[in-house]
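So the structure is just underneath, and the comments pick up after that.
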Amino acid sequence: MFIVYNFIYFFLLPFIVVKDILFRAQDLRFKLKRLGFNFDECSEEHIWLHGVSLGEVRALVPIARRLSEKRLNILFSSTTDTGINEIKNSFKGEKIEIIPFPYDIGPIYKKIIKTFRVKKIILFESEFWPNMLFQKLNSIKIISLNTKLSEKTIKTLEFFHKTSKELLQNIDSFHVQSKEVYEFLTLKGCENVSIIGNIKLYAENYTLQKDRLDFVGRKIHLFKKPILVVASTHAGEEEFVLKALVERNDFNIVIVPRHPERFKQVQRTLQRNKISTDFFTDLSEEVNSVVIFNKVGYLKELYSFSALAIVAGSIVFKKGHNFIEPVFCGSPVITGEFLKNYSELKKQFCDTKIIETFSNKEMLRTLVEKYSSPKKRNERLKMQKKALQNLPGSYSGLIRSILDV
């Protein structure tokens, strides 16, 4: 399996590199760090944290901050531009090393580890990079944090049983989301496996940033109706929601596409459907259109002004996104019922009707009509906030576990 993986990966690598150089937003000098260039030698030891994209980075920021407060040096990486920008915005003026996550090539990992004198590597969720793990140095400790395994990933690991067992056993410590993942890893012979729940749902992740809150707040007076936020939409989901709500006029609707590269595409799609649109940053007078929220990293602050939130990625995309976030920020929420990536939370919140779901336009229309009542919205928000108090876990215990590895 490992040989086949490397054959395919190195065949595709030139195309991946060219794509990154042409289309990634960072400057060329920064992009070349993925290939192991442009590093300055460091004299201090570092702990390396990696989160793929925005959501993962946000969950790791409190960990990076707490480790930094203990006078530990942090190397922080992400794969995406949104993740890199979030790290930069979260640590402005602070001493922290930021790099793009490298290509899965052994010598590049070794160079980074040597340059930054890395002693621990913290990987988030299901980041199991073969060349990193199979060429691991004995002096390095690798921690898998918030570990989750989809059904597809488990089937793949089972199919390549021997190789996957060796791969996973190179990780020194697992902090997993669920009992199912715990049982799978222990059967693979992995040690130091503990269940911590989903770190993304720790309350500490939902502190609002004043500068972002002020930015959003400066536009809010232009909305004369309660704000309905339709968040994390994928292709086809904007049309689904707006067609369901075509006859309702109770809210000002704000659409938040999941991927920023879709901002203009969503605008064109809505205009083809004869729906008037404006970008949030362009607003200068009373809102009478569907607004496309075109700021990345400001969703929490937008939720704080929302009367009702619909979390998408659970309608056409069918995997779901974090439908707890609006509640932490002060907005009642509903979501589509297709929540493949959030099965545990679905059982706890959706199957119990604490958070209501929909599978078709009529169900969505009925729910939005129900929550056009301020009284109903307030009652539901109180119920949802109360349920959040039962979520386990905190960063304090997690930091102790990381330092003990």
Open item on the list: If you filter segment 142-178 for trypsin sites (Lys or Arg not before Pro), then keep DSSP loop positions with at most 15 other Cβ within 10 Å, what is left?
Closed with: none
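When the Kirkwood radius is taken over all Cα pairs of segment 1-136, what Stokes-Einstein diffusion coefficient follows at 25 °C and 0.890 mPa s, in µm²/s?
Translational D for this selection: 159 µm²/s.
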- [ ] Note down the net charge around residue 40, summing +1 for each Lys or Arg and -1 for each Asp or Glu among other residues with Cβ under 14 Å from its Cβ.
- [x] +3
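Which percentage, to the nearest 5, of the DSSP beta bridges contained in the chain is antiparallel?
That works out to approximately 0 percent antiparallel.
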Open item on the list: At 0.36 nm per residue, and after removing the present C-alpha to C-alpha distance, how many nm does the segment from residue 366 to residue 151 gain when stretched out fully?
Closed with: 74.1 nm
TODO: Decide, for segment 276-349, between rounded, prolate and oblate: order the square roots of the alpha carbon gyration tensor eigenvalues as a ≥ b ≥ c, take rounded if a/c falls under 1.5, and otherwise choose prolate if a/b is larger than b/c, else oblate.
DONE: prolate
TODO: For segment 48-96 and segment 219-295, write down the distance between their C-alpha centroids in whole Å.
DONE: 31 Å
Open item on the list: Averaging over every viewing direction, what projected area does the convex hull of the Cα atoms of segment 303-405 cover, in nm²?
Closed with: 7.6 nm²
Task: Cβ-derived FRET efficiency at R0 30 Å, residue 17 paired with residue 119, nearest 0.05 - done: 0.55
Open item on the list: Can you compute the charge dipole magnitude of segment 206-283 about its Cα centre, using +1 on each Lys and Arg Cβ and -1 on each Asp and Glu Cβ, nothing else charged? Give it in debye, rounded to the nearest 20.
Closed with: 100 debye
Open item on the list: Taking just the alpha carbons, could you work out the radius of gyration and Dmax for the chain, both in angstroms?
Closed with: 22.2, 64
Task: Size of charge dipole - segment 208-388 - debye, nearest 20, with Cβ of Lys, Arg +1 and Asp, Glu -1, no other charges - done: 320 debye
Open item on the list: Output the 0 to 90 degree angle, nearest 10, between the alpha-carbon long axis of helix 210-220 and the longest principal axis computed from the alpha carbons of the chain.
Closed with: 30 degrees
TODO: Excluding residues on the same chain fewer than 8 positions from residue 225, give the lysines whose Cα lies under 26 Å from its Cα.
DONE: 210, 243, 264, 274, 295, 300, 361, 370, 375, 376, 382, 385
- [ ] With only Lys, Arg, Asp and Glu charged, each at its Cβ (+1 for the first two, -1 for the last two), find how big the charge dipole of the chain is about the Cα centre; round to the nearest 20 debye.
- [x] 240 debye
Task: Alpha-carbon spread of segment 24-95, three principal axes, descending order, Å - done: 33, 30, 20
Task: Summed side-chain charge close to residue 20 - residues other than residue 20 whose Cβ falls under 9 Å, Lys, Arg +1, Asp, Glu -1 - done: +4
Task: Sequence-separation-based contact order of the chain, relative, with Cα cut under 8 Å and 6+ spacing, percent - done: 12 percent
Open item on the list: Compute for segment 116-204: radius of gyration divided by Kirkwood radius, i.e. Rg/Rh, restricted to C-alpha atoms, rounded to two decimals.
Closed with: 0.96
TODO: Answer with one residue from 198, 208, 187: the one whose Cα lies farthest towards the positive end of the charge dipole of the chain, charges on Cβ with Lys, Arg +1 and Asp, Glu -1.
DONE: 208
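For residue 165 and residue 65, what is the calculated FRET efficiency with R₀ set at 41 Å and r taken between the beta-carbons, to the nearest 0.05? Can you show the working numbers first?
Numbers: r = 35 Å, r/R0 = 0.86.
The value I calculate is 0.70.
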- [ ] Of all alpha-carbon pairs in segment 208-388, indicate the percentage at a distance above 25 angstrom.
- [x] 26 percent
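Just so you know, all these numbers are worked out from the coordinates, no wet-lab data involved. Quantities reported herein were computed from a predicted structural model and do not represent experimental measurements. Note that we place each Cβ from the backbone using ideal geometry, even for glycine, and neighbour counts take in every protein chain shown.
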